Amino acid sequence: MDNEISVSQLFKNVEILIDGARRSAANSINNIMCNTYYQIGKMIVEEEMKGEQRARYGAAIIKNLSEYLTEKYGRGFSTTNLKNYRKFQPVRLKITKISVAGATLVFLID
């Protein structure tokens, strides 16, 4: 019977380890993708600032970039998404994380 408990605990420990690794991987990927989208938005804004007829020029950049990225990478790069990436630019917040008793608190400081 002790052997059954030991094997059962082994299975549970392995399950906990895998679940934690998957959560960590997902969090890392989310952070990387958020930074990537921020950088894409920054590049769009910087390119738009070079244009003389800004509104029309900006719309053309987003439309053309959307078509290019969608063809190359598939879904996820619609004009709506690219416009949302661009919206990150006016907001420059400092993110501060504090861990207390196993919980992570996130503060956005302007």
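The values are calculated or read from the model by the stated rules, or taken from the named source; none is laboratory data. Since we're looking at a predicted model, the values are computed, not measured. Heads up, the Cβs are rebuilt from the backbone with ideal geometry, glycines too, and the neighbour counts pull from every protein chain shown.
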Review point. Which of the residues spanning region 47-59 are loosely packed, with under 13 Cβ neighbours inside 10 Å and either of a type in the set (Gly, Ala, Ser) or modelled with pLDDT of 90 or more (or both)?
Key: ALA55
Exercise for review: Would you be able to say whether some residue in region 70-82 is at pLDDT below 90, loosely packed, with under 10 Cβ neighbours inside 10 Å and among the acidic types (Asp, Glu)?
Suggested key: no
**Study point:** Where a residue in region 74-98 is over 16 Å from GLU47 (Cβ atoms) and its partner, wherever it lies, is at pLDDT 75 or above, with Cβ under 7 Å and at least six apart
**Key:** SER78/SER66
Exercise for review: Determine, yes or no, whether ASN13 is over 30 Å from PHE88 (Cβ atoms) and either hydrophobic (A, V, I, L, M, F, W, C) or surrounded by 10 or more Cβ atoms within 10 Å (Cβ to Cβ) (or both).
Suggested key: yes
Practice item. Select from region 1-10 the residues that are surrounded by 10 or more Cβ atoms within 10 Å (Cβ to Cβ) and among the hydrophobic types (A, V, I, L, M, F, W, C) and write down the one among them that is farthest from the chain's Cα centre (by Cα). Key: VAL7
Exercise for review: Only one of these is at pLDDT below 90, surrounded by 10 or more Cβ atoms within 10 Å (Cβ to Cβ) and assigned to a helix (DSSP H, G or I): ILE44, ILE62. Name it.
Suggested key: ILE44
